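Each remark here refers to the structure printed beneath this line.
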Amino acid sequence: MEYKFRDIEKKWQDAWKVNKVYKVSNESTKPKYYVLDMFPYPSGAGLHVGHPLGYIASDIYARYKRLKGFNVLHPMGFDSFGLPAEQYALETGQHPAETTKKNIATFKSQLDKIGFCYDWEREVQTSDPNYYKWTQWIFLKLYNSYYNRSTQKAEPIAELVKEFENNGTVNCQLSTVNSFTASEWKSFDEATRQSILMDYRLAFSSYGEVNWCEALGTVLANDEVVNGVSERGGHPVEKRKMRQWYLRITAYAERLLEGLETVDFSDSMKEMQRNWIGKSSGAEMDFAIKGKDKKLRVYTTRPDTIFGVDFMVLAPEHDLVEQITTTEQKAGIEKYLQYVKSRSDRERQSEVKQITGCFTGAYAVNPFDGREIPIWIAEYVLAGYGTGAIMAVPCGDERDFAFANHFNIPITNIIGEHFNGKEANATKEAILQNSGFLNGMLMKDAIDVAITKIEELGIGKRKVNYKMRDAGFSRQRYWGEPFPIIWSDGIALPLDAAELPLELPHVDKYGPGPSGEGPLANLTDWVTVSNGRRETSTMPGYAGSSWYFLRYMDPHNDKTFCDRTVSDYWNQVDLYIGGTEHAVGHLLYSRMWTKVLYDLGMIGHDEPYKRLVNQGMIQGSSRFVYRVKVATTVFPLEIFDSKQIFISHGIYQKWNENLIDGQGLHKLIQEVFPIIPEYKEKDGITGFIITPLHVDVNIVDGYELNIEEFKKWRNGEYVDAVFIKEDEKYLCGSEVEKMSKSKFNTVNPDDLVNRYGADTFRMYEMFLGPVEMSKPWDTKGIEGVHRFLKKLWRLFFDEVKGPIWTTTAPSPLERAGGEAATDAEWKALYKGLKKIEEDTERFSFNTGVSGFMILVNELSDIKCHKKEVLEKMLIALVPYAPHISEELWSLLGNAGTILDAAYPVIEKSYLVESSKEYPISINGKVRTNINISLEATQPEVEQIVLANEVVQKWLEGKPPKKIIYVKNRMVNVVV
RNA sequence: GCCCAGAUGGCGGAACUGGUAGACGCGUCAGACUCAAAAUCUGGUAUUCGCAAGGAUGUGCAGGUUCGAUUCCUGUUCUGGGCACCA
């Protein structure tokens, strides 16, 4: 009997579906385990081999936990709102709802073929009104809450209103907001009160900058802006202020930082989040501005360098710029502001070689020595960080130094010999000079002294600062959750919870609305309501994905987003698998939402993910063909119209390295294409233009192009192509790039599953390497894994003899007279299973697969066909290759599904060893091996080792200096 | 530019806590079976010197710590991911 994987996999996938074996209950006596994959966006291109990497890993672990006796939740769903669907709608007129539905169907059928153990009854889609109803509901909770700094948690905004009514702002520590008394609060009109409350709400509206493209009349995502112009059409893009919604994630900065201590993420992942939050401590202080009744507030982490301040730099967007610029400088400043408008934040920070800035004409006054300090504006200072203004200390800061140098600003040296005049030195270890009351102090000690003095003088105070900014939460787009908000005379009125979901209305056109608003603004009937005008922005992609892990627990609940008893049962996600690209976006947002829901008492835990494992990205290995075109100025064009000439990679390389000239190439072309005219040059130009073109990797075998397939490719575009080969082959060039449809380097899992089966595909994806590492996809090698499964099959079946397994208690189907398994057979099994279990436990699935290969090789070598041995191996194989395991399990005569079998327990008695073949090194280099008992003591070992003739030879009669013996490891003789 | 990660044979990778570098698989070479092919099986396969025994070199690059370093430290190069409106 042959291994007919197609029949087997189809059969069991159907049976599992009919028997609902993956249905998960919220009630169980077993311990729970929650395994989650990062929410996929259902792109139109379908699944490529990169997607399932993490899904297979999580599926293996989920199945493993199930065999180990856990009630495992392993759901899947779709993050189905998003820009690509809308972009596609804009281009083709198809409604995003339609294309999204189609894409999801494709994704699901592709996923199902790989044999995942998802409970599809728990599927969620963020664009489903039954889902986004609760996204909107949570938004309203955020809107109606504020962060209470005394209790350090979110509380209903009504509590704050009460506080204002009773005590005003006395107990509210929010430095950016004006203070008032209780009676003042009562005297404010509604608009004023609401605008004050807006400064406290966790979801709030304010003004922020967007990428505005005048030509397209729309706001663009960063993704859609390339080199300062729009990707579509190449129109100029500039920044513009618009009303936006934000989430006050900054209120949670400290808790997001502290929470990292309680979760099991990789150190690098935590580091990235810490850097993103960017906590720093220092001081905020005010500088008087000469001749103005204005103060310039700066934030600095190095108040010890206060006497080294040689200039001030404001962010170009800073409010003070307009007020302090002198008439002489006005023109220059305006020109500079115009320039900055066209620059993205990224460009402003990354281009350090090009130094730009402009003097405002104004001066700040150093409060300690009265020195007048010129105030500049420069793009390297960003408005969003700190106070949007810095005090520049060129002797201690590289960028300040470069700036001072560029604009010839004199530099004050406060660190003596530590500053060499050629580059800044950011040390904290220097003794301060030229520094007034700080003279003679070590810099790191002076920081505190300076802050104390600043506070004494009342010109500033100690301040902890976070680099993180509040998260922009609105998009001027169609395909997202509508905000449950109505604007009435500038006041935002939330909808009542009973009015949810506010459904996304149907539109026929996806173009932008007037004055930069989203497409919804075009629907006058929808926008206009009796008490005002609806918010026309929609929520961003991360809205739905910030809480989806909760909805999976209780997906059909129409009373609440997730019942508290259910969320208490499933609690945190025990294992979350996904890419590092979400390190600071999605992960921080969902952590924040979780904390808010926790504060409001709606869930019982404040960190969503207990453990996070990052999967690497599978890159594509692109293939190139090299097309030769001729310049019309040299050759008559017509003859090349019908034919396209391609040169093999080797020839292309020679051409590139000038190892072959025009004449040489001409000769090669002539061999296959005799009608080419005589060789010509014009002004020393050969007239050959060679262009690398991406070619579909699926019609290339290794590097060799399948010419017949190529001629059929792209509707016969290359049907008449002519090839200049090397060694009778056309070889393609290659490059590792991101896997993408446009690069023709995507590999579809369906083809591989068809050809080799899901079990082979699953094991091969794991066998490629560690899950967390990025690697290029290469289909070569999948044969090896397939061969392994066939070899495993042959432990049970012989091509001619049929079933060959034996057992001591034969059933009619089986061969009688089986013998009990030998110690050697048990030892081989348990040694293998031990490695496999340990590897699975630590997510080392690639070595887990190789463990199975070693085990099957060994069992084949010792001709072990004992049912009792093979059966245990099958159970351990379920997570990796569920279909073949289930088939063989059932063929062995077992009743019930193997998915619920008990994971084999390792009998350690078979694994005990009494001696070891020790490597013996001389000076760290292995020279021989000696078998020594594991019981041996140091003196015994020394005696055995020194008696060895190889060791004797290397000692050359000299006594050893030292003998290092590490039990169960090695012996090293130092000479 | 800033933050994070990675680099080991022809290729994917293994070596988990500083202890035999190259497990397992691909490819390749030789052989068996076969009229032949496929499938399968057996053996070799880091580089280099040597008939062999055996030796030397070798984990991106340059140093350091150690009896011993792919593993730890310092510096450096290249590649990938992120940088706030792709998801």
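The values are calculated or read from the model by the stated rules, or taken from the named source; none is laboratory data. In this text, all values refer to a predicted model and were calculated from it rather than measured experimentally. All Cβ positions, glycine included, derive from the backbone under ideal geometry; neighbour counts span all protein chains shown. Remember, those area values only see protein heavy atoms, side chains included, never the ligands or the DNA or RNA. Shrake-Rupley method; radii C 1.70, N 1.55, O 1.52, S 1.80 Å.
Report the per residue volume, in Å³, of the convex hull enclosing the C-alpha atoms of the stretch A:279-465.
Values: hull volume 21.0 nm³, N = 187.
It is 112 Å³ per residue.
Applying 1/(1 + (r/R0)^6) with R0 = 56 Å to the Cβ-Cβ distance of A:Leu955 and A:Ala820, what FRET efficiency is obtained, to the nearest 0.05? Computed FRET efficiency for A:Leu955 and A:Ala820: 0.65.
Tally Lys and Arg at +1 and Asp and Glu at -1 over the other residues with C-beta under 10 Å from the C-beta of A:Asn130: what net charge comes out?
Numbers: positive: A:Lys133, A:Arg551; negative: A:Asp128, A:Asp558.
Summing Lys and Arg as +1 and Asp and Glu as -1 gives 0.
Cα to Cα, under 19 Å, and not fewer than 8 places away if on the same chain: which lysines meet these conditions relative to A:Lys17? The qualifying lysines are A:Lys108, A:Lys113.
Between amide H atoms placed 1.01 Å from N, distances below 5 Å from A:Gln244 occur with A:Ser206, A:Tyr207, A:Gly208, all of them 5 or more places distant or on a separate chain.
Computed from phi, the 3J(HN,Hα) profile of the stretch A:965-975 under the Karplus parametrisation 6.51, -1.76, 1.60 (θ = phi - 60°) reads 10, 10, 3, 6, 10, 6, 10, 10, 9, 9, 9 Hz, with x in place of Gly and Pro. Counting only protein heavy atoms and a probe of 1.4 Å, the accessible surface of the stretch A:279-465 is 48% carbon and sulfur. A full extension of the chain between A:Glu417 and A:Glu455 corresponds to an added length of 10.6 nm, given 0.36 nm per residue minus the alpha carbon distance.
Just in the stretch A:881-972: which GluC sites (Glu not before Pro) are loop by DSSP and have at most 16 other Cβ atoms within 10 Å?
Numbers: sites: A:Glu886, A:Glu887, A:Glu907, A:Glu913, A:Glu917, A:Glu935, A:Glu940, A:Glu942, A:Glu949, A:Glu956; in loops: A:Glu907, A:Glu913, A:Glu935, A:Glu956.
For GluC sites (Glu not before Pro) across the stretch A:881-972 that sit outside H, G, I, E and B with at most 16 neighbouring Cβ atoms in 10 Å, the list reads A:Glu907, A:Glu913, A:Glu935, A:Glu956.
Taking amide H positions as modeled 1.01 Å from N, with prolines and chain starts lacking one, the residues under 5 Å from A:Val630 and 5 or more places away or on another chain are A:Ile689. When peptides A:334-344, A:373-383 are sorted by average Cβ neighbour count within 10 Å, with the highest value leading, the order is A:373-383, A:334-344.
For the stretch A:657-776, what does the equivalent ellipsoid look like in terms of its semi-axes, each the square root of 5 times an eigenvalue of the Cα gyration tensor, given largest first in whole Å? Each step should come with its number before you reach the end.
Values: eigenvalues 288, 59, 31 Å².
After diagonalising the Cα gyration tensor, the semi-axes are 38, 17, 12 Å.
Could you work out the relative contact order of the stretch A:279-465? I mean the mean sequence separation of Cα pairs under 8 Å and 6+ apart, divided by the number of residues, in percent. Let's see the in-between values first.
Numbers: 365 pairs, mean separation 57.1, N = 187.
Rounded, it is 31 percent for the stretch A:279-465.
The portion of the accessible surface of the stretch A:618-737 made up by carbon and sulfur, rounded to a whole percent, is 45 (1.4 Å probe; DNA, RNA and ligands excluded).
The trypsin sites (Lys or Arg not before Pro) of the stretch A:4-67 that meet both conditions, a loop assignment by DSSP and at most 15 other Cβ atoms within 10 Å of the site Cβ, are A:Lys4, A:Lys20, A:Lys23.
Net charge around A:Phe437, counting only other residues with Cβ within less than 12 Å of its Cβ (Lys, Arg = +1; Asp, Glu = -1)? All intermediate terms of the calculation are to be shown ahead of the outcome.
Details: positive: A:Lys453; negative: A:Asp304, A:Asp369, A:Glu456.
Taking every other residue near A:Phe437 into account, the sum is -2.
For the stretch A:342-398, count all C-alpha to C-alpha pairs, find those more than 20 Å apart, and express that count as a whole percent of the total. When every Cα pair of the stretch A:342-398 is considered, 32 percent fall beyond 20 Å. Mean projected area of the Cα convex hull of the stretch A:749-910, taken over all directions, amounts to 10.3 nm².
Other residues lying with their Cβ under 12 Å from the Cβ of A:Pro749 contribute a combined charge of -1, Lys and Arg counting +1, Asp and Glu -1. Of the peptides A:872-883, A:246-257, the order by per-residue mean of other Cβ atoms within 10 Å, starting with the highest, comes out as A:872-883, A:246-257.
The calculated P(r) of the stretch A:447-588, using every Cα pair and 10 Å bins from 0, goes 9, 25, 25, 20, 14, 7, 0 in percent. For the stretch A:260-266, the Karplus equation 6.51 cos²θ - 1.76 cosθ + 1.60, evaluated at θ = phi - 60°, returns couplings of 4, 5, 9, 10, 9, 10, 5 Hz by residue, with Gly and Pro reported as x. Positive-end ranking of A:Met198, A:Gly361, A:Thr326 along the dipole of chain A, with charges on Cβ about the Cα centre, is headed by A:Met198.
Size estimate for chain A follows the Kirkwood approach: the inverse of mean 1/r over distinct Cα pairs works out to 34.3 Å. A 1.4 Å probe, protein heavy atoms only, puts the accessible area of A:Lys102 near 120 Å². Taking the longest Cα principal axis of chain A as reference, the axis of helix A:882-891 is set at about 30 degrees. Each Cα pair under 8 Å and six or more residues apart adds its separation to the average, and for chain A the resulting relative contact order is 13 percent. For the stretch A:197-310, the alpha carbon convex hull comes to 234 Å³ per residue, rounded to a whole number. The alpha carbons of the stretch A:913-974 occupy a box of 34, 20, 17 Å along the principal axes, longest dimension given first.
Determine which residues of the stretch A:456-487 fall in the zone a paramagnetic label at A:Thr301 would reach in this model, i.e. backbone nitrogen under 13 Å from the point 7 Å along Cα→Cβ. Label zone hits: A:464-468.
Once the Cα gyration tensor of the stretch A:1-151 is diagonalised, what are the square roots of 5 times its eigenvalues, in whole Å and ordered largest first, as equivalent ellipsoid semi-axes?
On the way: eigenvalues 200, 130, 34 Å².
Taking √(5λ) for each eigenvalue gives 32, 26, 13 Å, largest first.
For chain A, the solvent-accessible area works out to 46 Å² per residue, with a probe of 1.4 Å and every protein chain left in place.
Taking amide hydrogens as placed 1.01 Å from N in the peptide plane, the amide H of A:Gln619 sits under 5 Å from those of A:Lys775, A:Trp777, each at least 5 positions away in sequence or on another chain. Peptides A:508-520, A:755-767 ordered by packing proxy, namely the average of other Cβ atoms within 10 Å per residue, highest first: A:755-767, A:508-520.
Ignoring lysines fewer than eight residues from A:Lys834 along the same chain, the ones with Cα atoms less than 22 angstrom from its Cα are A:Lys65, A:Lys68, A:Lys791, A:Lys863, A:Lys866, A:Lys867, A:Lys872, A:Lys908, A:Lys916, A:Lys967.
Computed from backbone phi, the HN-Hα couplings of the stretch A:38-49 come to 5, 3, x, 8, x, 6, x, 6, x, 7, 10, 4 Hz, rounded to whole numbers (Karplus: 6.51 cos²θ - 1.76 cosθ + 1.60, θ = phi - 60°; Gly and Pro given as x). As a fraction of the 1.4 Å probe accessible area of the stretch A:913-974, surface on carbon and sulfur atoms comes out at 49 percent. Taking 0.36 nm per residue of sequence separation and removing the Cα-Cα distance, the A:Lys162/A:Lys428 pair yields an extension gain of 91.0 nm. Among the trypsin sites (Lys or Arg not before Pro) in the stretch A:916-975, those located in a DSSP loop and surrounded by at most 10 other Cβ atoms within 10 Å of their own Cβ are A:Lys961. Of all lysines in the structure, the ones whose alpha carbon falls short of 21 Å from that of A:Lys453, not counting any fewer than 8 places away in one chain, are A:Lys295, A:Lys428, A:Lys444, A:Lys461, A:Lys463.
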